[in-house]
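Peer 1: Got a structure for you, questions after.
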Amino acid sequence: MSHATPIVFVVDDDVSVRKSLELLIGSAGWQPETFASAQEFLSCPRVLAPSCLVLDVNLPGINGLELQKRVAADRINMPIIFISGYGDVPMTVQAMKAGAVEFLTKPIRGEVLLSAIRNAIERSQTALSHEAEMRALRDCHDSLSRREREVMALVVSGLLNKQVGGELGISEITVKAHRGQAMRKMKADSLAALVNMAARLRLLPAPNG
């Protein structure tokens, strides 16, 4: 997934801008995908390659800021770089507050845009790696039996094997067996690693205060 060629999506209603950005992006070794409208872009299926979106603010139909909201909800691993023929301060502030990584005013120097794209793709790669790690962690947890999950939950909350046995009405030896199985399936090489995994899966109770 992370070895796929990064894709740079461009949404701009100006055909000359699309053509020049397509050449620039392609020359940097990325895959350009250009669209004349937000509707066209939204009909494109999600990709699992690192990607970013170079987006014109002023578009016919759904404008850039509205498209940004939809992308933020659905494609969190796709950073957005705004481009605009005229960038007023409120518009720029709104775009950046909503999570845009850059707001550039046309005409844009090629090296400035390429630098912004490089930064955005790095962010996308990080987000995709995190997604993949979390998916693998959830799959490991899903593979636990009901009893293994119960034992894991009590162990990571700080109880000793004997106390876990008391809570569940099973022997300490049985607790040790379930605990060992849970650690093997979770690929945890220590209790600290198991606690860390539980925290990432939000299985630990929130601290008081």
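Peer 1: For residues that are loosely packed, with under 14 Cβ neighbours inside 10 Å and among the hydroxyl-bearing types (Ser, Thr, Tyr), scanning just the range 127-170, find the one that is nearest to ALA188 (Cα to Cα).
Peer 2: Here the answer is SER143.
Peer 1: Now a separate question. Quick check, is ASP139 within 18 Å of the chain's Cα centre (by Cα) and not aliphatic (A, V, I, L, M)?
Peer 2: yes
Peer 1: Let me ask you something else. Can you tell me which residue is farthest from HIS141 (Cα to Cα) among those in the range 171-187 that are surrounded by fewer than 14 Cβ atoms within 10 Å (Cβ to Cβ) and among the small types (Gly, Ala, Ser)?
Peer 2: Result: SER171.
Peer 1: Please go through the range 36-56 and pick out each residue that is hydrophobic (A, V, I, L, M, F, W, C) and within 23 Å of the chain's Cα centre (by Cα).
Peer 2: Selection gives ALA38, PHE41, LEU42, CYS44, VAL47, LEU48, ALA49, CYS52, LEU53, VAL54, LEU55.
Peer 1: Could you count how many residues in the range 1-12 are at pLDDT 95 or above and more than 13 Å from LEU53 (Cα to Cα)?
Peer 2: Within the range 1-12, residues that are at pLDDT 95 or above and more than 13 Å from LEU53 (Cα to Cα) number 0.
Peer 1: Within the range 114-128, is even one residue free of Cβ contacts under 8 Å to residues at least 24 places away in the same chain and outside any helix (DSSP H, G or I)?
Peer 2: The answer is no; no qualifying residue exists.
Peer 1: Right, next: Being in a helix (DSSP H, G or I) and surrounded by fewer than 12 Cβ atoms within 10 Å (Cβ to Cβ) is the filter; apply it to the range 188-205 and report the residue that is farthest from the chain's Cα centre (by Cα).
Peer 2: If we take residues in the range 188-205 being in a helix (DSSP H, G or I) and surrounded by fewer than 12 Cβ atoms within 10 Å (Cβ to Cβ), then ALA192 is farthest from the chain's Cα centre (by Cα).
The values are calculated or read from the model by the stated rules, or taken from the named source; none is laboratory data. Model, not experiment: these values are computed from the prediction. When we count neighbours, we look across all protein chains shown, and the Cβ atoms used for this are built from the backbone with ideal geometry, even at glycine.
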